[in-house]
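Bear in mind that the values in this text are calculations on the coordinates, not laboratory data. Just so we're clear, the structure is a prediction, and the values are computed from it rather than from any experiment. Every residue, glycine among them, receives a Cβ derived from its backbone with ideal geometry; neighbour counts consider all protein chains shown.
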Amino acid sequence: MSYPPIATQRRSTGIPTGRLAVWWVLASEVVIFGGLLASYLMFRIGHPEWADAAVHTNTWIGAFNTFVLLTSSFTAVLGHQAAERGEGKLAARYLIYTILGAATFVGVKSYEWWYEISHGYTITTNNFWSFYYTAAGLHAAHVIAGAVIMGYIARDAAKNVNLHRVELIGIYWHFVDVVWIFLFPLLYIAK
């Protein structure tokens, strides 16, 4: 039994289906992270004592992880450029570098959380730490999900298959970076 081909282009918009789907997913993610960050800001403004709790976050670790994510975003861009030139193996290599950046981010975040928890700063310590672990944990989950999906895309790219997907995971990865650009100053710098 043969099935009709999957629509790859939307006639009314001229936008490829995959790209449109990624933007729809990101729109829902903006609502999730936007609500979380707006709640955090409202509570932070109303509770100046949160500064006493925020002083215990490690700004240097947060800054290092920011550098790691921005670097991984750069390698995602290089992967997209390689894919557009039809160089699947090179695109896959750049995606692997991006995945290594994600693994570094999660590893550093794990160490940071181990350190904070071992010093008594847990999700139940106070509302600041609840928001901190919720926001950073939700973000870390998105980093992990992006790295896993990127692994599948890199495998296909290495075979010169579905190279258009390199752009799609790149769009998602840049969103993950943008979210961190908001989280880093709110959780680490504003003390």
Work out the length of the dipole vector of the chain about its Cα centre, built from +1 on the beta-carbon of each Lys and Arg and -1 on the beta-carbon of each Asp and Glu, and round it to the nearest 20 debye.
-> 660 debye
Taking region 15-97, which GluC sites (Glu not before Pro) meet the DSSP loop condition and have no more than 13 other C-beta atoms within 10 Å?
-> GLU49
Write down, largest first, the equivalent ellipsoid semi-axes of the chain in whole Å, where each equals the square root of 5 times an eigenvalue of the alpha-carbon gyration tensor.
-> 36, 19, 13
Which trypsin sites (Lys or Arg not before Pro) does region 65-111 hold that lie in a coil by DSSP with at most 11 other beta carbons within 10 Å?
-> ARG85
Residue separation times 0.36 nm, minus the C-alpha to C-alpha distance between ARG85 and THR124: what's the value?
-> 9.0 nm
Using the Cβ atoms and a cut-off under 14 Å, what net charge is assigned to the surroundings of PHE131, where Lys and Arg are +1 and Asp and Glu are -1?
-> -1
Options ASN126, VAL106, LEU78, ranked by Cα towards positive dipole end of the chain, top entry (Cβ charges) | LEU78
